[in-house]
Amino acid sequence: MKNRSACILVACYLVFPTPGFGADSNWPQWRGPQGTGITSAAKVPSRWGKDLNVKWRTALPEPGNSSPIVWGEKIFLTQPLSESKQRALLCLDRNTGEELWRRSVEYSQAEPSHKTNPYCSASPVTDGERVIAWFGSAGLVCWDMDGDQLWRSDFGRQQHMWGYGSSPILHQDLCILSFGPGDREFLVAVDKSTGEVRWQVDSLDDAAERKLSGPENDGNSSDYSDDKDRKERLRGSWGTPIIVEVDGHSELILTMPRRVSAYDPKSGNLLWTCGGSGPLAYASPMESDGVIVALGGYNGASLAVRAGGHGDVTETHRLWHKSKHGGWLGTGVVDNGAVYVCDIGGVIHCLDVQSGEELWKHRSGGGGTWSSITQTADGLMFLLTKSGTTTVFRPSRDGFDEVAQNDVNEPTNASVVIAGNDVLIRTDAALWSFSSADQNQ
């Protein structure tokens, strides 16, 4: 599995070369080149601060939760512009932080969201020829690298009391999006060149949720005992799908309320479903040698399941299941058969992939977090907390191994992005770039 994934990564960079930059210099989508949070980059600074290893700092118009992406000499970032009711994509110069161009779409209708989840919370995606961003009810929009709009797809109103967060991904000639949560939830794939819909499948399946829920699932099946609108239920998926290679074919995997499901990315056909996840799915799924780990939110259920099945695989492929399991918002990173992930309260956990056993836990500096963990090729892991503190540590199944605590003292809900020798951090106030020629600094 790891060798096949590495081949895919290399192939992607051969197809889309970046003049003047190595393969490890790009961060083209949410969670990096393969959606795993892992980059082939190394020798990045492990220590920084407001006056240490700062390459540049660029002020942003207002808070936002999305993370930047990087291609070549350009950085792309989604940005709400509340006063003018615009949802924007910013393009910045990677070397200086200067804003090169700004493009936006207007959406003036009211759209619910949580006060801590501003519009434009989804990260964009690029293949080096185009950059695509999802703006909720304002649509899925594609520009070329110079900011010329190529297409815009309107999928209608997105509505949930806490807003949205899933980011679009690219697979071959498709752009794939998990639209939701709320009273309309579906997976959709469009032609990345034209925006034309190739397939669309409904993922709001009350019957499947009822069948796969129950006392052993999440302990919170009361959602179905009243007549609340779907959008007001304490349920939904904010995670981003991942693509994994299993036995010579690709599977599109998404954690949804009360189940994890895999689809054929070419057609949208359902391949398999595993019951047991909680009603709230914030974290994206993670993969380790053909095993999918799905973590629930706010004491919901978590599970691990072997990919590659057919139909309902709950009884045949599920490796472990925990009916009440912490409060996971950020996505973890898998290393040496262990998941490293931080709960909402700021406690880092190390979990064995095969058994779900907790190997250790350790409170990070800086308090609670919504952020996901990022890992470099030389083994360092980076976790950003809500206060703007980044904990840097080395993965170890034996215990927490801290390298550094770095503060910028600005609140944030974004995640650390690493491209080449650059560390990028988006806060409520600014986008920071840190870099150092000395990997030990």
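The values are calculated or read from the model by the stated rules, or taken from the named source; none is laboratory data. Everything quoted here is computed from the prediction, not taken from an experiment. Please note: Cβ atoms are built from the backbone with ideal geometry, for glycine as well, and neighbour counts cover all protein chains shown.
Any residue at all in the range 259-268 that is of a type in the set (Lys, Arg), within 17 Å of Phe179 (Cα to Cα) and buried (at least 18 other Cβ atoms within 10 Å of the Cβ)?
yes
For the range 170-186, which positions are part of a strand (DSSP E or B) and crowded, with 24+ Cβ neighbours inside 10 Å?
Scanning the range 170-186 gives Cys175, Ile176, Leu177, Ser178.
Quick one: which residue in Gly163, Gly128, Gly147, Gly97 is assigned to a loop (DSSP other than H, G, I, E, B), under 22 Å from the mean Cα position of the chain (by Cα), small (Gly, Ala, Ser) and farther than 26 Å from Thr255 by Cβ?
Gly128
Yes/no per residue for (1) outside any loop (DSSP other than H, G, I, E, B); (2) of a type outside the set (S, T, N, Q):
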| site | (1), (2) |
| --- | --- |
| His349 | yes, yes |
| Trp360 | yes, yes |
| Gly365 | no, yes |
| Ser396 | no, no |
| Ser415 | no, no |
| Ile418 | yes, yes |
| Ile425 | yes, yes |
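Answer yes or no: is there a residue in the range 410-423 that is of a type outside the set (S, T, N, Q), at pLDDT 95 or above, farther than 23 Å from Leu90 by Cα and surrounded by 17 or more Cβ atoms within 10 Å (Cβ to Cβ).
Within the range 410-423, none of the residues are of a type outside the set (S, T, N, Q), at pLDDT 95 or above, farther than 23 Å from Leu90 by Cα and surrounded by 17 or more Cβ atoms within 10 Å (Cβ to Cβ).
Within the range 40-62, which residues are of a type outside the set (A, V, I, L, M), surrounded by 22 or more Cβ atoms within 10 Å (Cβ to Cβ) and in contact with a Ser or Thr (Cβ under 6 Å, 6 or more places away or on another chain)?
Within the range 40-62, just Pro45 meets the criteria.
All but one of (1) among the hydroxyl-bearing types (Ser, Thr, Tyr); (2) in contact with a Lys or Arg (Cβ under 8 Å, 6 or more places away or on another chain); (3) within 26 Å of Gln109 (Cβ to Cβ) hold for Ser84; which doesn't?
It fails just one condition, (2).
Could you please tell me which pairs satisfy a Cβ distance under 6 Å, a separation of 6+ or placement on different chains, a first residue in the range 332-354 that is at positive phi, and a second residue that is part of a loop (DSSP other than H, G, I, E, B) and not basic (Lys, Arg)?
That search, which allows pairs on different chains as well, returns Gly337/Val353; Gly346/Ser364; Gly346/Gly367; Gly346/Gly368; Gly346/Thr369; Gly346/Thr385.
When Ile292 is evaluated against the numbered criteria (1) outside any loop (DSSP other than H, G, I, E, B); (2) of a type in the set (A, V, I, L, M, F, W, C); (3) modelled with pLDDT under 95, which criterion, by number, is the only one it fails?
Failing condition for Ile292: (3).
Would the range 311-322 turn up any residue that is part of a loop (DSSP other than H, G, I, E, B) and either charged (D, E, K, R) or surrounded by 22 or more Cβ atoms within 10 Å (Cβ to Cβ) (or both)?
No, there is no match, as no residue in the range 311-322 is part of a loop (DSSP other than H, G, I, E, B) and either charged (D, E, K, R) or surrounded by 22 or more Cβ atoms within 10 Å (Cβ to Cβ) (or both).
Within the range 72-87, identify whether any single residue is out of contact with any His (no Cβ under 6 Å at 6 or more places or on another chain) and without any contact (Cβ under 8 Å) to a residue 12 or more places away in the chain, and answer yes or no.
Yes, there is a match, as at least one residue in the range 72-87 is out of contact with any His (no Cβ under 6 Å at 6 or more places or on another chain) and without any contact (Cβ under 8 Å) to a residue 12 or more places away in the chain.
Taking only pairs six or more apart or across chains, which ones have beta-carbon atoms under 7 Å, a first residue in the range 130-143 that is in contact (Cβ under 8 Å) with a residue 24 or more places away in the chain, and a second residue that is of a type in the set (Lys, Arg) and assigned to a strand (DSSP E or B)?
So the pair list comes out as Phe135/Arg87; Ala138/Arg87; Gly139/Arg152; Val141/Arg152; Cys142/Arg130; Trp143/Arg103; Trp143/Arg130.
Out of the range 270-285, which residues are in a strand (DSSP E or B) and either in contact with a Pro (Cβ under 9 Å, 6 or more places away or on another chain) or closer than 17 Å to Thr369 by Cβ (or both)?
Across the range 270-285, the qualifying residues are Leu280, Ala281.
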